[in-house]
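Computed from the coordinates by the stated procedures, all read-outs in this text should not be read as laboratory data. Remember, it's a predicted structure, so these values are computed and weren't measured experimentally. Heads up, the Cβs are rebuilt from the backbone with ideal geometry, glycines too, and the neighbour counts pull from every protein chain shown.
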Amino acid sequence: MSVWRTSLRIAIREARRAKGRTAMVLVLITLPVLGLAFAAVTVDMFDLRPAEKVDRVMGTADARIQWYDRAPLRQSLDGQRWESDQEPDPKAPPFVPNQRDLLAQLPPGSSVIPVTSSWLEMRTATGIGSAEVLGVDAASPIAQGLVTVLDGRAPSAANEVALSRRSMDRLGAKIGGTVQDASRTETFSVVGLVETPANLGELIVRPPGTEPVSAWLVDTPEPMLWSDVRALNAKGMVVESRAVVLDPPTDPEGVLPPPGDGVANSLKVAAVIGGLGLFEVVLLAGPAFAIGARRRRRELALISANGGTPAHLRRIVLADGIVLGVAGAVCGIVLGIAAAMIARPLVEVYVANARAGGYRVYPVALALVALLALVTGVLAALAPAVSAARQDVVAALTGRRGALRSRRRWVVLGLLLIVGGGLIAVAGAMTSQAMGILGGLVLAELGLVLVTPALVGLIAKAGRSLPLGPRIALRDTARNRAAAAPAISAVMAAVASCVAIGTFLASDNDRQVDQYRTGLPLGYAAVQLGDPDKGVPTVERVTAAAATSLAVTGVRQVDGIGCPKVNGEQSWCYVSAALPAELACPYNTNAGPLAPEQKRLALADPRCQTPAFQYGNMPFSTVVGTGDNLAALSAPSQEDVRAAATVLAAGGAVVSDPRLVKDGKVTIEVRGDSGAGDGTEKVLKTASVPGYALRTGVEAGQGPASSSMMQRNYLSPAVVAALGLETRPEGFVIATAKVPDQAAQDKLAASVAELPGRGYASIELGAPTGTPTELLVLAAAAIIVALGATFVATGLAAADGRRDLSTLAAIGAAPSVRRVLTLSQAGVIAGLGSLLGTAAGLGTGWAILASYNRQYAGNWPREIPYSFAVPGLVLLLLVSIPVIAMLGTGLLTRARLPIERRAD
């Protein structure tokens, strides 16, 4: 223990003497600890406790009840999952319970208030827009916690509303003013400013109206126990009980188990990211200890010459890691907690869109973070400690550099680790084993670290023909490999994080695009008529209405089909193109889950590869006409337009899926009400007509649609007549020159509302490819860490080469040589580190994506996999980090060469 005490005293003394190097090490250790502490505290503040969750869901009520049917059901303890073994009777009338029915099932003395949820088209400050409406008696004590009145009072009458802050901004309203619905048939007085802790977005609060009740808040004389919940489950109610959530029963009967796959998958990814984070923090801090040990070579050699053993030298260098690890932990945790507390209001509004549970820290997580910092410091000092214990004492005392070549066995071991680690990571990704992925990636990155000195030596050979500054920089990098290799590894670690995050973001963005089906050319608008019997506006009037908000380049009318009447009433129907029998998938997705053998056959069947999930806006799924509006609806090539018009003129149909056309024919089906009174459908009529499949345009090239509602069919008037249908005006398509913003969209909605036919507008905005704010912040932080690591590593390398600068000054080198030399050192370290980090980051990103895809591989209907997308961030890092590092060091480095006594 006395040896360790002495080693720690030496480490503390050295930290005080070498303040610059100590500060750099602290930065490299403190930054990751600060980030982890910030994340831990923030997550803990937003990780709601059971009581906080209950208050946001049910206010002060004892239970929240949803009553869908009379069929018995089972539910989870928290009421978030439920299922019924009894199929509802389709012929039974809709079950609509009222407050009296519910009170009859509850203990005497109970009270309830209804909660409704809906969307309402409102007049905004710029036009018309949709707003979420929460219907609840906000003045009731039961609703306290669900809704908070910040100013004014709670609405009590049907014509009164309270608005959230964002709703007030969107609607251009204030307390004491009024707001109107889109049709201006209702005017509401704004009586209060409200906030719901679970949703800080746009919200309107009003007393419950005539819309269906989504839930009931229940106040009972006694707490509602699990036995009471089960009794209500038997009557078809889903119950979230405060008593059950806050004090769950130890052995509940009839409980529905919660799902575990999603949590398990998240934990696997978290384990991979956390493990890589620890390893990369070690690489970030490693160069500082390596350079510190190198600058203390003479001191350590003197200790060895005076009887110090290699174990003593190892303890002295490891003590540096302990001291700086503890200091980094304290600084990082204190700064992280402070940053989380200060940033909480911003995180609530701009990231979480919800209030945090309270100001609190996460002691267990912070203790682990502190331990992580200590372990990081020790691990980062481990390799320099071993190297210091093995140094040549005579060479150190005489000032010689020692071995300048990389040992072949380390290069061979590094190559083996790269290959072996890559294979292990691939195997782990293919089997979704997180530890396999983590172990393989760590081994591969460690292999890159081991071969870095050899790469430095190879690159140095290319410097013989370079000018003086770059030549000296490459020579010193090769001669000082013990310091240069860790510095390059630090940059590699930071860049690898950036590239891995960027790869996942780019791949996730591509997957969202693949899931989205475009309905119109980007920026084009559709005006769909709600009731053509009330009148149909002219093209000129629609053009004039749209021109006030859009850059209109053309407007075309769109006609659709009208279904025949049954018993004097308008029936429902739709038209779809049928796949030829030999191309249709033999397995029905609506018949329930497939048996394992059927699933395997379906996944292998090329006819069954339609994705399980697609989304998008497809206005005008059936278009009747001669093709004059085809260019505006789909923007195909002129050749396609002419071919489609020819087929339509011949009494045919145009589709977007070439599989639907067989021998030049398309089979069109009319599906509608079966007449059984249960809402089921049947094929009412079919017709085989000339067909043509578009090869270009927004609909072509998107692959098969998962639903007939997600594809568009163009029918000639002759086909419509042959099917026994009629042609009816359905709306207009508006071609535009640019994509409108939110204000223009609201203004368009207001203009369309004034037209005959009760029309409504929609605009094709493309796939929602916006990246979550959390991931953008994480990527930005990774880039900042990469640049910080580059500057610190370059600064350490420059400090290590100070004696060489003194030599240059002594022999009369120009002052600019120092700046050129430092700039060149930054370029070598940042450039090579960026290249290696890019390779490591792409491998990490691929492994994580492959693991996700492996989980999707056994699902049917087929899931759209993550493609491996190389982000533009890779090129940005490869170019920007070296350039910024070189410019930064060049500008911050003083040109004057140091003149000082050389002590060898």
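Using only Cα atoms, what is the ratio of the radius of gyration of the stretch 114-218 to 2.2 N^0.38 Å? Mind showing how you got there, number by number?
Details: Rg = 12.5 Å, N = 105, 2.2 N^0.38 = 12.9 Å.
Dividing the Cα Rg of the stretch 114-218 by 2.2 N^0.38 Å gives 0.97.
In whole Hz and in residue order, list the ³J(HN,Hα) couplings for the stretch 93-107 that follow from phi through the Karplus curve 6.51 cos²θ - 1.76 cosθ + 1.60, θ = phi - 60°; x for Gly and Pro.
x, x, 8, 10, x, 10, 5, 5, 4, 5, 4, 5, 9, 9, x
So, with +1 on the Cβ of K and R and -1 on the Cβ of D and E, and no other charges, what is the size of the charge dipole of the stretch 114-218 about its Cα centre, to the nearest 20 debye? Present the calculation step by step, with values, prior to reporting the outcome.
On the way: 8 positive and 11 negative charges, 44 e Å.
Computed about the Cα centre, the dipole is about 220 debye.
Considering amide H positions built from the backbone, and no H for Pro or chain starts, which residues 5 or more places from Ile561, or on another chain, come under 5 Å of its amide H?
Arg728
Hand me the trypsin sites (Lys or Arg not before Pro) from the stretch 131-197 located in a DSSP loop with no more than 16 other Cβ atoms within 10 Å, in residue order please.
Numbers: sites: Arg153, Arg165, Arg166, Arg170, Lys174, Arg184; in loops: Arg153, Lys174, Arg184.
When the trypsin sites (Lys or Arg not before Pro) of the stretch 131-197 are filtered for loop state and at most 16 Cβ neighbours within 10 Å, Arg153, Lys174, Arg184 remain.
Among the chymotrypsin sites (Phe, Trp or Tyr not before Pro) in the stretch 24-94, which ones are in a DSSP loop with at most 12 other Cβ atoms within 10 Å of the Cβ? Mind listing them? Intermediate results must be reported in sequence, preceding the final value.
Details: sites: Phe38, Phe46, Trp67, Tyr68, Trp82; in loops: Tyr68.
For chymotrypsin sites (Phe, Trp or Tyr not before Pro) across the stretch 24-94 that sit outside H, G, I, E and B with at most 12 neighbouring Cβ atoms in 10 Å, the list is empty.
Give the aspartates and glutamates whose C-alpha is closer than 15 Å to that of Lys19, dropping any in the same chain fewer than 8 places away, or say none.
Asp320, Asp800
What FRET efficiency, computed as 1/(1 + (r/R0)^6) with R0 = 30 Å and r the Cβ-Cβ distance, is obtained for Leu522 and Tyr587, rounded to the nearest 0.05?
About 0.25, to the nearest 0.05.
For the stretch 1-74, give the magnitude of the charge dipole about the Cα centre (Cβ charges: +1 Lys/Arg, -1 Asp/Glu; no others), in debye to the nearest 20.
Numbers: 13 positive and 7 negative charges, 144 e Å.
Around 700 debye, computed over the stretch 1-74.
Could you calculate the contour length gain from Met709 to Ala104, that is, 0.36 nm times the residue separation minus the distance between their Cα atoms, to one decimal place in nm?
Details: separation 605, 0.36 × 605 = 217.80 nm, distance 4.32 nm.
So the extension gain works out to 213.5 nm.
Defining a contact as two alpha carbons under 8 Å apart and six or more residues distant in sequence, what relative contact order in percent does the stretch 114-218 show? Intermediate values should be presented prior to the final figure.
Working: 260 pairs, mean separation 41.1, N = 105.
The normalised contact order for the stretch 114-218 reaches 39 percent.
If the cut-off is 25 Å between C-alpha atoms, which lysines fall inside it for Lys534, apart from same-chain ones fewer than 8 positions away?
The qualifying lysines are Lys565, Lys747.
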